[in-house]
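Here the structure is laid out as structure tokens; the discussion comes afterwards.
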Amino acid sequence: MIFSPQSKVWIYQSNRRFTDVEAEEILAKLANFTSQWTAHGHQLQAKAELPYNFFIVLIVDQDVANATGCSIDASVRVIKEIEQDYGVDLFDRFNMAYKVDGEVHVATKEDFETLVSIKKITTSTTVFNNLVQTLQEYEDKWEVPLGESWHKLVFAEQLG
């Protein structure tokens, strides 16, 4: 299935890594959901990914059919079910994800701030911009150096 670069993207970041077994179960649940996901009776061309076993990414090709309020609500319900079933937090936007030596880590905003202050995280550290809106942005601007992300504005004082 080919998706338009302008496909809508939603990213939910977990506060912990999913185990391989959990990831398999979650991907099956999301595949079932996306195969039946509709908006006003129209089938959405959608897929789900679980990069690094830390993120749930939902993608909808709006050239085929637009996601609407009710369909988005349905996706949020599924994400909340996953949150409950696996005891994770997928809605805390103050958890910061970053990558060191190819491995993803998640820290609270306060801990991330400390890591920046003590130079364990620098402007060249890869961070995840979960605010991307389209598939093109997801592919090009999701994993970026902190110095090229919105993070640099929030943590400017610590970057000194």
>> Between the range 2-51 and the range 103-139, what is the separation of their alpha carbon centroids in Å?
In response: 22
>> With N set to the number of residues, divide the alpha-carbon radius of gyration of the chain by 2.2 N^0.38 Å and report two decimals.
In response: 1.09
> Rounded to the nearest 20 Debye, what is the dipole magnitude of the chain about its Cα centre when Lys and Arg each give +1 and Asp and Glu each give -1 at the C-beta?
Replying inline: 240
> Under DSSP H, which helices of the chain have Cα atoms covering 18 Å or more of the helix axis and a Kyte-Doolittle average no less than -0.5?
Replying inline: 20-36, 69-86
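At 0.36 nm per residue, minus the direct Cα-Cα distance, what do Thr108 and Leu27 gain on full extension? Give it in nm, one decimal, please.
Length gained between Thr108 and Leu27: 26.6 nm.
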>> With +1 assigned to the C-beta of every Lys and Arg and -1 to the C-beta of every Asp and Glu, and no other charges, what is the dipole magnitude of the range 95-159 about the Cα centre in debye, to the nearest 20?
In response: 160
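Per 0.36 nm of contour for each residue apart, how much would the distance between Ser117 and Glu157 grow if the chain were fully extended, relative to their Cα-Cα spacing?
13.5 nm
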>> Over all directions, the average projected area of the alpha-carbon convex hull for the range 95-159 comes to how many nm²?
In response: 4.1
>> Testing the spin-label approximation: label points 7 Å from Cα along Cα→Cβ at Lys141 and Ser35. State their distance in nm.
In response: 3.5
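Read-outs throughout are calculated quantities, based only on the coordinates presented, and are distinct from any laboratory measurement. No experiment lies behind these values; they were computed from the predicted model shown. We place every Cβ from the backbone using ideal geometry, glycine too, and count neighbours over all the protein chains shown.
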